[in-house]
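Please read the structure below before turning to the comments.
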Amino acid sequence: MNLSDYHFDLPPELIGQEAIEPRDSCKLLVVDRKNQNLKHHIFRDLTDILDKNCVLVINDTKVFPARLFGAKPSGGKIEVLLLKQLSSDSYEAIVKGKVNLDQKIVFAQDFYGVVQQKSDEGLIQIQFSSSGPALFAEIDKQGKTPLPPYIHSDVDEKILREKYQTVYAREKGSAAAPTAGLHFTPELLDQLHKKGIQIEKVTLHVGLGTFKPVTEIQVASKTLHAESYILPEETAQRLNQAKRAGKKIIAVGTTTCRVLETLSDDNGLLSAGEGETSIFIQLGYKFKFVDGLITNFHLPETSLLMLVSALVSAPNSPTHFENFHSSLIGKAYEAAIKNKYKFFSFGDAMMII
């Protein structure tokens, strides 16, 4: 398998540039593996598509204003994207601009950071002049919403912070939104709950695994950059009970899917836990816990596209994967382009069942 196997051409005008309103009015393409067909819906149709035999598992991570703009004492502009908190006063980050070890980066009059470590990948460890709650307050004040580079928005920062956030976001720590969840509204969640659909929460903080392009080495090793997760004991017990009862586990987002597959064993039993996962789900992977997935349309040649391809063409699925373009998932992407679905973070949705 090569990265080029997952290439497709996307017209630039189909890249979503602004949040869809209302959130649940976006398009929803349902990929039915059993019947090998595609159906076009609106996202709020989930109340008709799903039943009480389904369990939705959502990622309640919360995006923080992780993009900081600063300058070296010499005046050179530096952009820092915070990825993962390492201690009360330090973060792992991606940096744009040339910096050296012990480099001071000034973000505001009394707020600066010092580069403690540096890697060839453009990663740095930065120690700040503030720590604990004071650091969080400075980041919240000085930081900007970490929109992906393909989104060019002039929307006010206050509005962006609300739009680029799920309505159920709770655990602050992500440098990007789990975008499949952006389509849910409180009203839709309430309607699904009243219909008897079980909704459970896990946490995965989105970090470098989402931002860095996949390398051939990662494809061969089947590992990505680690991202932090939390699955509480009570949640694991309820999900195991649902699985034993024959309910369908539908992950909302590839992040949720990765948590569930990381913490399940070969017998399909889920264990609670807190830690980091570097799981890289690719073609031929046998899914142990997840039965379905709600997701957005992903960039070419990415680990996310490989994950959805693996699910649609899973060993226990009737479909077959010869190459991306002839596969059911490839046909789904072709149909989405033909029907002018919006792609990527502010795009429309797909559900694999």
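The values are calculated or read from the model by the stated rules, or taken from the named source; none is laboratory data. Just so it is clear, the model here is predicted, and its values are computed rather than measured. Cβ placement follows ideal geometry from the backbone for every residue including glycine, while neighbour counts extend to all protein chains displayed.
Just one residue in the set D51, D102 is within 30 Å of Y333 (Cβ to Cβ) and assigned to a loop (DSSP other than H, G, I, E, B); that residue is D51.
Whenever a residue of region 132-154 is closer than 29 Å to I15 by Cα, its partners that are of a type outside the set (S, T, N, Q) and surrounded by fewer than 16 Cβ atoms within 10 Å (Cβ to Cβ), lying with C-beta atoms within less than 7 angstrom and at least six residues away or across chains, give the pairs Q142/A108; K144/E157; T145/E157; S153/E18. Screening L189 against (1) under 25 Å from the mean Cα position of the chain (by Cα); (2) surrounded by 15 or more Cβ atoms within 10 Å (Cβ to Cβ); (3) part of a helix (DSSP H, G or I); (4) not assigned by TED's automatic domain parsing to the domain that holds L14 leaves a single unmet condition, (4).
On the stretch given as region 171-203, residues that are within 24 Å of K342 (Cβ to Cβ), touching a residue at least 40 places away in the same chain (Cβ under 8 Å) and touching a strand residue (DSSP E or B) at 6+ places or on another chain (Cβ under 9 Å) total 12.
Somewhere in region 96-119, is a residue touching a strand residue (DSSP E or B) at 6+ places or on another chain (Cβ under 8 Å), under 22 Å from T145 (Cβ atoms) and acidic (D, E)?
No, region 96-119 contains no residue that is touching a strand residue (DSSP E or B) at 6+ places or on another chain (Cβ under 8 Å), under 22 Å from T145 (Cβ atoms) and acidic (D, E).
L46 falls short on exactly one of the conditions (1) within 30 Å of E261 (Cβ to Cβ); (2) in the same structural domain as T255 (by TED's automatic domain parsing); (3) surrounded by fewer than 20 Cβ atoms within 10 Å (Cβ to Cβ), and that condition is (3).
Yes or no: A226 touching a strand residue (DSSP E or B) at 6+ places or on another chain (Cβ under 7 Å), closer than 30 Å to H7 by Cβ and in contact (Cβ under 8 Å) with a residue 60 or more places away in the chain?
no
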